[in-house]
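Let me begin by presenting the structure, written as structure tokens, before commenting on it.
The values are calculated or read from the model by the stated rules, or taken from the named source; none is laboratory data. These numbers were taken from a predicted model, which means no experiment stands behind them. Neighbour counts are summed over all protein chains in view; Cβ atoms, including those assigned to glycine, are modelled from backbone coordinates with ideal geometry.
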Amino acid sequence: MKFRYTAKTKTGELQTGVVNAANQAAALNILSGHGLFVLSLDKVAEEISLKKTFGIFRRVKRTDLMIFTRQISTLLGAKIPLTDSLKTLHRQTLSPMLRDAIYEISNDVDTGFSLSQSMSKHPDIFSEFYLNMVRSAEVTGKMEEVMNYLADYLEKEAGVATRVRNAMVYPIFVIVLFGGVGAFLVTVILPQLRPIFEEAGVELPLFTRMLMGSGDFLAKWWWAFIVGIAIAGVLLIDYLRTKEGRALMDELRVRAPVLGKLYRQLYVARFAESTSVLIRGGVPIAQAIEISGKTIGNVLYEDVLIEAAQAIRRGDLISTAISRYEKYFPPFTFQMVAVGETTGRLEELLRRVAEFYTREVDAMVSNLVELIQPLLIVFIGGAVGILFGSIILPIFKLAQGF
């Protein structure tokens, strides 16, 4: 629950804000523990809106979080106090959900909470990796440096996602357009030609008969088709949100014929990059491995890295632990890690692994983008040939009969 309070500090200053607590008594204890004399404490009414009901409208975009991180790094670099920096960002942030979160974080920091503690109340915005990086910065005093790294990290992630998404816009548009044209031909043109073919006694090719049958079905049962697609889509999305569904999708990503290699390289780059930074920030190695598993974005890699972290706690080397999972980590990865362990330059070697696979991912994405258009032309050309052939061939037979 959220409670809005008005209180006085030990110096007599008036302070207002919002505190999260299980009940009113717990909220009073939290505020009293921070040396505040509470004047009023009211429960904040929960918002009931479409944005609250449907989480997709309340999602903070990666680019919004990246801009926030970059801005707070710049403000801290200019020696502006953290509380003032947060208040400035609250005024200029455009994302409603992020702006609300910044307001609550600013209030929590004002009442004495650390930045990481305040951010941890918003797990849907700040990942565990993000929070652990902020915690390490609070311990080492390198907040500006860590925030700058996090902004770079989010920017690279957003860049890869944007390139892949942009590469898919054109193919999806062409396929949807072709589907619309095909549906028009099947439901409008072919039914008008059928009486002519039947009257002339023209034997229709199998594919033409199949198209006519599907056209009849769509003309009569189009509403059932749409409802069926909608229900199937809802059930599929619901299944993919379960742990089993996510595991299945992650397995398909890793095992896909062409994209599988791209995803594996992307996951290894994320693992190496995040582990390197966490170790540099003073996080113990086993814990850094576990946290990295949660930042990768793949359930299979998360399970593998949790097992590897347990093996490391039992005394195994990192290279030995991850070498057991050659299906997920190429030999180059644990060979570089072994060199880093031997030479005492683990952080540096992990960073090199991340750079290597990041370049490989960029190269593969570029190649796939270049291949999409010619492959799409071949696919659409073949489909158009079959579709129009199923119409033109009976017309040609009809012309021969005269």
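Identify the single condition in (1) among the β-branched types (Val, Ile, Thr); (2) within 23 Å of Thr63 (Cβ to Cβ); (3) modelled with pLDDT under 85 that Thr140 does not satisfy, given that it satisfies every other one.
Just one mismatch for Thr140, condition (2).
Collect the residues in the stretch 173-188 that are in contact with a helix residue (DSSP H, G or I) (Cβ under 7 Å, 6 or more places away or on another chain) and either over 19 Å from Gly385 (Cβ atoms) or surrounded by fewer than 14 Cβ atoms within 10 Å (Cβ to Cβ) (or both), keeping them in residue-number order.
Across the stretch 173-188, the qualifying residue is only Thr187.
Which of the numbered conditions does Ile395 fail, given that it passes all the others? Conditions: (1) under 30 Å from Ile289 (Cα atoms); (2) surrounded by 11 or more Cβ atoms within 10 Å (Cβ to Cβ).
That leaves (1) as the condition not met.
If you check Arg324, Arg280, which single one turns out to be touching a residue at least 60 places away in the same chain (Cβ under 8 Å) and surrounded by 15 or more Cβ atoms within 10 Å (Cβ to Cβ)?
Only one candidate passes the filter, namely Arg280.
Given the criterion assigned to a helix (DSSP H, G or I), in contact with a helix residue (DSSP H, G or I) (Cβ under 6 Å, 6 or more places away or on another chain) and not aliphatic (A, V, I, L, M), identify the matching residue among Gly389, Gly293, Gly382.
Selected residue: Gly293, the only one of Gly389, Gly293, Gly382 that is assigned to a helix (DSSP H, G or I), in contact with a helix residue (DSSP H, G or I) (Cβ under 6 Å, 6 or more places away or on another chain) and not aliphatic (A, V, I, L, M).
When you go through (1) in contact with a Ser or Thr (Cβ under 6 Å, 6 or more places away or on another chain); (2) modelled with pLDDT of 90 or more one by one for Phe334, which number turns out not to apply?
(2)
Residues Ala288, Ala311: which one is surrounded by fewer than 23 Cβ atoms within 10 Å (Cβ to Cβ), aliphatic (A, V, I, L, M) and either without any contact (Cβ under 8 Å) to a residue 40 or more places away in the chain or within 24 Å of Leu150 (Cα to Cα) (or both)?
So the residue among Ala288, Ala311 that is surrounded by fewer than 23 Cβ atoms within 10 Å (Cβ to Cβ), aliphatic (A, V, I, L, M) and either without any contact (Cβ under 8 Å) to a residue 40 or more places away in the chain or within 24 Å of Leu150 (Cα to Cα) (or both) is Ala311.
Among (1) surrounded by fewer than 18 Cβ atoms within 10 Å (Cβ to Cβ); (2) over 30 Å from Ile386 (Cα atoms); (3) of a type in the set (D, E, K, R), where does Arg135 come up short?
(1)
How many residues does the stretch 107-138 hold that are of a type in the set (Gly, Ala, Ser) and touching a residue at least 60 places away in the same chain (Cβ under 8 Å)?
4
If I ask for residues that are of a type in the set (A, V, I, L, M), surrounded by 13 or more Cβ atoms within 10 Å (Cβ to Cβ) and over 29 Å from Val365 (Cβ atoms), which ones from the stretch 216-266 would you list?
Once the filter is applied, which keeps residues that are of a type in the set (A, V, I, L, M), surrounded by 13 or more Cβ atoms within 10 Å (Cβ to Cβ) and over 29 Å from Val365 (Cβ atoms), the stretch 216-266 yields only Leu218.
So which helices (runs of 4 or more DSSP H) stay within the stretch 1-89 end to end and still have 3 or more residues that are hydroxyl-bearing (Ser, Thr, Tyr), over 17 Å from Gly112 (Cβ atoms) and at pLDDT 80 or above?
Ranges flagged: 62-77.
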